[in-house]
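J.: Here it is: the structure, laid out below.
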Amino acid sequence: MCVSTRSSSCRVTRCSPPREVYSFMVPVFGEGVAYGATYPRMREQINFLAEELTVAKFQNFVPSIQHEVRKFMQNNWNKESGEINILEDCSAMIINTSCQCLFGEDLRKRLDARQFAELLARMEACLIPAAVFVPWVLKLPLPQSYQCRDARGELQDILSEIIIAREKEEAQKDSNTSDLLAGLLNAVYRDGTRMSQHEVCGMIVAAMFAGQHTSTITATWTLLHLMDKKNRKYLEKLHHEIDEFPAQLNYDNVMDEMPFSELCARESIRRDPPLMMLMRKVLKPVQVGEYTVPAGDIIACSPLLSHMDEEAFPNPREWDPERNLKIIEGAFCAFGGGVHKCIGEKFGLLQVKTVVATVLREYDFELVGDLPEPNYHTMVVGPTASQCRVRYTKKKKATSA
């Protein structure tokens, strides 16, 4: 059963933790990690991630993000003008910036963005969503299960090498590195045990898998809409905001002084949410209007459905960053809610806003064709890749008289 987020009669306390319905992700994250762990252990693992995604940590991220974006542009958009696939390039920039910010130079240098994206894509292509309803399907000797295991093993080997090298390096230093990888290596469960190498690798994969798609898709849609000629007034408004700042941005610039940039990102997520459904398993019978949902059933909230509610979002398919997202409480649910709300929301917005501001300061863009259609044939919904060709033109730098 699918319910709108406006339904106040559905109580989250009567539904299971997400691990009950996302068991099909276990082949990607690994046994004993996230949805493959007991609920108390999963909560501890998520808390380890949350402790590293704080404003204090974010202060140094903006320069790192800008450095990676500029390096990518210099290497790949190095002509005066040219054509690119903006979805593929946003994916590479998001992976590079995530690796640099969260896991440090060692992971960033060891794992090429396109290689990482290819491994994640191979694992994603092997997922079996039907396992939500028939969990035993994961135990069948299916070809995609072997393909996922091979890709996961390849990534595990790379990450294990990095972890071993980091542990040796830290043992020889007086001060410790303070990135997410270090946080996971130093994390201690309530029972006094540390995370195993297998668990650390799994949490790195989980963090990248959860954030890479959503940030890539949000950045891509935001840029695509701003390229659309009918949205020229919004592009001008955004330039008026971002051009006020020096080329080298800081955290306060991005998160506190770019409100319209954030509205653009949120409207992109509102119009085309990457996740079509947020699911839970019903633990106790729950009343939704005149219907009783029995225990054991799967209940789902659909951001796609909620975000197309014309009462909450008039003319919902129109991309309008100036619209009010709070007309109806709870209708905007792109980041989930409650105890399981997305812990990476602030980092994702920081990343997307910095990427968009940095890119638009140095290049002009135009769509090669029409605005892409969403691709609903993938687990995470983004613009149709084959329709994401755009033309860039390098801006001429002002010269002093």
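The values are calculated or read from the model by the stated rules, or taken from the named source; none is laboratory data. The shown structure was predicted, so the numbers you read here are calculated from the model rather than taken from an experiment. We place every Cβ from the backbone using ideal geometry, glycine too, and count neighbours over all the protein chains shown.
J.: Return the residues of segment 21-59 that are among the aromatic types (Phe, Trp, Tyr), surrounded by 15 or more Cβ atoms within 10 Å (Cβ to Cβ) and in a helix (DSSP H, G or I); say none if nothing qualifies.
T.: Once the filter is applied, which keeps residues that are among the aromatic types (Phe, Trp, Tyr), surrounded by 15 or more Cβ atoms within 10 Å (Cβ to Cβ) and in a helix (DSSP H, G or I), segment 21-59 yields PHE24, PHE29, TYR35, PHE48, PHE58.
J.: Please enumerate the residues belonging to segment 329-351 that are over 12 Å from the mean Cα position of the chain (by Cα) and among the β-branched types (Val, Ile, Thr).
T.: Hit for segment 329-351 is VAL339, nothing else.
Yes/no matrix, rows are residues, columns are (1) modelled with pLDDT of 90 or more; (2) closer than 30 Å to VAL21 by Cα:
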| position | (1), (2) |
| --- | --- |
| HIS198 | yes, yes |
| THR216 | yes, yes |
| LYS229 | yes, no |
| MET276 | no, yes |
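J.: Return the pairs, sorted by first residue and then second, in which the second residue is among the basic types (Lys, Arg) and part of a loop (DSSP other than H, G, I, E, B), the first residue lies in segment 326-346 and is within 26 Å of ILE94 (Cα to Cα), the beta carbons are less than 9 Å apart, and the residues are 6+ apart or on different chains.
T.: Hits for this filter: PHE332/LYS326; PHE335/LYS341.
J.: If you don't mind, there's one more thing I want to ask. Could you list all residues from segment 108-123 that are in a loop (DSSP other than H, G, I, E, B) and charged (D, E, K, R)?
T.: ASP112
J.: Do we have LEU235 as aliphatic (A, V, I, L, M) and either in contact with a Ser or Thr (Cβ under 9 Å, 6 or more places away or on another chain) or under 11 Å from THR354 (Cα atoms) (or both) here? Lay out the reasoning, then the answer.
T.: Working: aliphatic (A, V, I, L, M): yes; either in contact with a Ser or Thr (Cβ under 9 Å, 6 or more places away or on another chain) or under 11 Å from THR354 (Cα atoms) (or both): no.
For LEU235, the condition - aliphatic (A, V, I, L, M) and either in contact with a Ser or Thr (Cβ under 9 Å, 6 or more places away or on another chain) or under 11 Å from THR354 (Cα atoms) (or both) - is not met.
For (1) closer than 20 Å to ASN96 by Cα; (2) crowded, with 16+ Cβ neighbours inside 10 Å; (3) not aromatic (Phe, Trp, Tyr), each residue gets a yes or a no:
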{"residue": "PRO314", "(1), (2), (3)": "no, no, yes"}
{"residue": "ARG317", "(1), (2), (3)": "no, no, yes"}
{"residue": "ILE328", "(1), (2), (3)": "no, yes, yes"}
{"residue": "CYS333", "(1), (2), (3)": "no, yes, yes"}
{"residue": "GLY336", "(1), (2), (3)": "no, yes, yes"}
{"residue": "GLY344", "(1), (2), (3)": "yes, yes, yes"}
{"residue": "GLY348", "(1), (2), (3)": "yes, yes, yes"}
{"residue": "THR358", "(1), (2), (3)": "yes, yes, yes"}
{"residue": "GLN387", "(1), (2), (3)": "no, yes, yes"}
